[in-house]
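Any read-out appearing in this document is the output of simple, stated calculations on the displayed coordinates, not a laboratory observation. Computed from a predicted structure; not experimentally measured. When we count neighbours, we look across all protein chains shown, and the Cβ atoms used for this are built from the backbone with ideal geometry, even at glycine.
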Amino acid sequence: MKIFLDTANIEEVRLAAELGVIDGVTTNPTLIAREKEDFVETVKAICSIVDGPVSAEVTEADAPAMVEQARELYKIHDNVVIKIPITLDGLKATSELSQLEIPVNMTLIFSPNQALLAAKAGARYVSPFVGRLDDLSHDGVRIASECQDIISTYDYDTEVIAASIRHPLHVFQCAEAGIDIVTIPYKVLLGMVKHPLTDNGIDQFLKDWKSVKK
Ligand code: G3P
């Protein structure tokens, strides 16, 4: 399974990249706004750290404007993927961009039918939002897994990115369900590393090591 980092924080990208476990990065307008930095410079900086797909989202609502904005964003770096919300205009823009071989991550996916249409329009990635579905008492991982099943069954050239991941259990459940990619906040990555038995084990080994004759 590929793991992307879901952040626009350069320091988090740098720290996570050093671990050698990050395959790409996703951003969205909220994450960009949180950092109070220039959008284009942020995407450029992320691309200089991580050698993998970096999603940057359009903020236009109609298809021609989305395509124009996408073409500008794609000039930042070859690894840029254009994030586009699933709407009628979003589908139109995605199908046009896929003809131009500009990769699209179709976002704000909440149902398998939306994922199916995104794949048919030529989206390179589809992003079901697991946590936001859970918030509404739907089973987010199950819906992401249904998206994955449809895309795998028909062998679309599309990968599923489980987004809106809130905790390490979501990651494990997505891995168990065979989902292609999870995009995770930095704090979820830290939570995946940490285990109290690992900490206790290290403490005990170091304590015992002190009594070894050297
Ligand atoms: O990738 C989308 C993600 O950032 C949304 O997460 O926690 O705002 O639902 P959240």
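Roughly what would the spin-label model give for Phe205 and Ala175, points 7 Å off Cα along C-beta, in nm?
Placing both labels 7 Å along Cα→Cβ, they lie 1.9 nm apart.
When Lys and Arg each count +1 and Asp and Glu each count -1, what net charge do the other residues less than 12 Å away from Ser164, Cβ to Cβ, add up to?
Charge balance near Ser164 sits at -1.
May I ask you to derive the relative contact order of the chain, considering only C-alpha pairs under 8 Å and at least 6 residues apart, and to give it as an integer percent?
Once normalised by length, the contact order is 17 percent.
Within a Cβ distance under 11 Å of Phe4, other residues only, what is the Lys/Arg minus Asp/Glu net charge?
-3
Which net charge results when you count Lys and Arg as +1 and Asp and Glu as -1 among the other residues whose beta-carbon is under 13 Å from that of Ile22?
Value of the local net charge: -3.
Could you give me the ³J(HN,Hα) list for the range 156-165, computed from phi with Karplus coefficients 6.51, -1.76, 1.60 and θ = phi - 60°, whole Hz, x at Gly and Pro?
5, 7, 9, 10, 8, 10, 6, 10, 6, 8
Where in the chain are the DSSP H helices whose C-alpha atoms run 24 Å or more along the long axis and whose mean Kyte hydropathy is at least -0.5?
For the chain, where a helix must reach 24 Å along its axis and average at least -0.5, there are no hits.
What does the C-alpha gyration tensor say about the overall shape of the range 86-193? Classify as rounded when a/c is under 1.5, otherwise prolate if a/b is larger than b/c, or oblate.
Since a/c reaches 1.5 and a/b is larger than b/c, the shape of the range 86-193 is classed as prolate.
Rounded, prolate or oblate for the range 1-77? Axes are the square roots of the Cα gyration tensor eigenvalues, ordered a ≥ b ≥ c, and the cut-off for rounded is a/c under 1.5.
Prolate shape, in that a/c is at least 1.5 and a/b is the bigger ratio.
What nm value, rounded to one decimal, do you get for the distance between Leu136 and Thr87 when each label is placed 7 Å out toward the C-beta?
Label-label distance for Leu136 and Thr87, simple model: 1.7 nm.
With the Cα gyration tensor of the range 1-139 giving a ≥ b ≥ c as the square roots of its eigenvalues, does the rule (a/c under 1.5 for rounded; else a/b larger than b/c for prolate; else oblate) give rounded, prolate or oblate?
oblate
Using the Cα centre of the range 74-163 as origin and beta-carbon charges of +1 (Lys, Arg) and -1 (Asp, Glu), tell me which of Thr158, Ala123, Leu97 is placed farthest towards the positive end of the dipole.
Leu97
About the Cα centre of the range 121-196, how large is the charge dipole given +1 on each Lys and Arg Cβ and -1 on each Asp and Glu Cβ? Please answer in debye to the nearest 20.
460 debye
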